[in-house]
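The values are calculated or read from the model by the stated rules, or taken from the named source; none is laboratory data. Please read all numbers here as calculations on a predicted model, not as lab measurements. Cβ: placed from backbone, ideal geometry, glycine included. Neighbour counts: every protein chain shown.
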Amino acid sequence: MLQTIDEAGVRELRLARPPVNALDAAFTECLSAAVLEAPSRGARAIVLSGQPGMFSAGLDVPALLRADREGMQRLFRALLAVQSAIARSSVPVIAAITGHAPAGGTVLAIHCDYRVMASGPYMMGLNEVAVGLTPGPLLCRAFARLVGEHRAVALLTRGAMLDPAMALAVGLVDEVCTLDEVVPRAHAYARELIALPARAMQITRETARAPLVALFDEDAEAFVEAATEIWFAEETQARLRSLFTKR
């Protein structure tokens, strides 16, 4: 589910769950563990990438529609844990957004230090509302940290999806380049960071990211319970089944 590539102090974690790197509990737990482990394996920076044309399509909704409450609670705990792992990482995490990144794909990216997105017919954004879900307080704040409060309200409320040019314009990503340049450019940015005086870079990074990290001080179980209630709400289930159940 996850390929590991080490190069000059940079560990690339490449999402590898065909066909669309959809997130279930096991895959998300695997990614969280890999992010946490990387520094102890000598990584001074992490690049999080996907396959050409697809970073991650978000939650594995067709499979999750068969899950019971316990299964969904496990999934939401895993989602919170991977966000926390990326946000709290002791080394920089660079997102190489190699294609589409709706919902859960954007969730992973917004907690990284820097985001490089492929140009082309790709979309990203927190489109939870469009499928009957809600991003929740933590994601709303993490998203607003990048795009600003006013713009976040407009985008999140309608579940907007953004192409690379618009994602760059609003600050959701930091760079856009051709698909074949995305991963090399993410590695290059990671090397730029680790070439800096380590202590000065790390102290500054921790200070600048403190508001993001502080979001994870809130009650995790409250988030899990709220997310589970919304998932099993009649309106949400009807919407998800109409969109994701094969006829």
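Scanning region 19-40 for residues that are part of a loop (DSSP other than H, G, I, E, B) and either crowded, with 17+ Cβ neighbours inside 10 Å or touching a His at 6+ places or on another chain (Cβ under 8 Å) (or both) turns up V20, N21, A22, D24.
Of all the criteria given as (1) surrounded by fewer than 21 Cβ atoms within 10 Å (Cβ to Cβ); (2) assigned to a helix (DSSP H, G or I), the one not satisfied by T134 is (2).
Can you find even one residue in region 65-78 that is part of a loop (DSSP other than H, G, I, E, B), among the charged types (D, E, K, R), surrounded by fewer than 24 Cβ atoms within 10 Å (Cβ to Cβ) and in contact with a Pro (Cβ under 7 Å, 6 or more places away or on another chain)? The answer is no, given that none of the residues of region 65-78 is part of a loop (DSSP other than H, G, I, E, B), among the charged types (D, E, K, R), surrounded by fewer than 24 Cβ atoms within 10 Å (Cβ to Cβ) and in contact with a Pro (Cβ under 7 Å, 6 or more places away or on another chain).
The single condition from (1) assigned to a loop (DSSP other than H, G, I, E, B); (2) surrounded by fewer than 19 Cβ atoms within 10 Å (Cβ to Cβ); (3) touching a residue at least 24 places away in the same chain (Cβ under 8 Å) that A43 fails is (2). Can you confirm whether H111 is under 13 Å from G58 (Cα atoms), at pLDDT 95 or above and not aliphatic (A, V, I, L, M)? For H111, the condition - under 13 Å from G58 (Cα atoms), at pLDDT 95 or above and not aliphatic (A, V, I, L, M) - is not met.
Just one residue in the set L172, L193 is farther than 22 Å from Y122 by Cα, out of contact with any Asp or Glu (no Cβ under 7 Å at 6 or more places or on another chain), of a type outside the set (F, W, Y) and surrounded by 13 or more Cβ atoms within 10 Å (Cβ to Cβ); that residue is L193.
Screening A16 against (1) within 23 Å of G58 (Cα to Cα); (2) crowded, with 20+ Cβ neighbours inside 10 Å leaves a single unmet condition, (2).
Residue by residue through region 81-96, note down the ones that are aliphatic (A, V, I, L, M) and either in contact with a strand residue (DSSP E or B) (Cβ under 6 Å, 6 or more places away or on another chain) or surrounded by fewer than 23 Cβ atoms within 10 Å (Cβ to Cβ) (or both). Residues satisfying the conditions are A81, A85, I86, A87, V91, V93, I94, A95, A96.
Of the listed requirements (1) buried (at least 20 other Cβ atoms within 10 Å of the Cβ); (2) free of Cβ contacts under 8 Å to residues at least 24 places away in the same chain; (3) hydroxyl-bearing (S, T, Y), Y122 misses just one: (2).
For region 66-74, the condition of being touching a strand residue (DSSP E or B) at 6+ places or on another chain (Cβ under 9 Å) and without any contact (Cβ under 8 Å) to a residue 60 or more places away in the chain holds for none of the residues. Among residues of region 219-233 that are at pLDDT 95 or above, those with a beta-carbon under 6 Å from a residue that is assigned to a helix (DSSP H, G or I) and aliphatic (A, V, I, L, M) at least six positions away or on a different chain give the pairs T228/M72; W231/M72.
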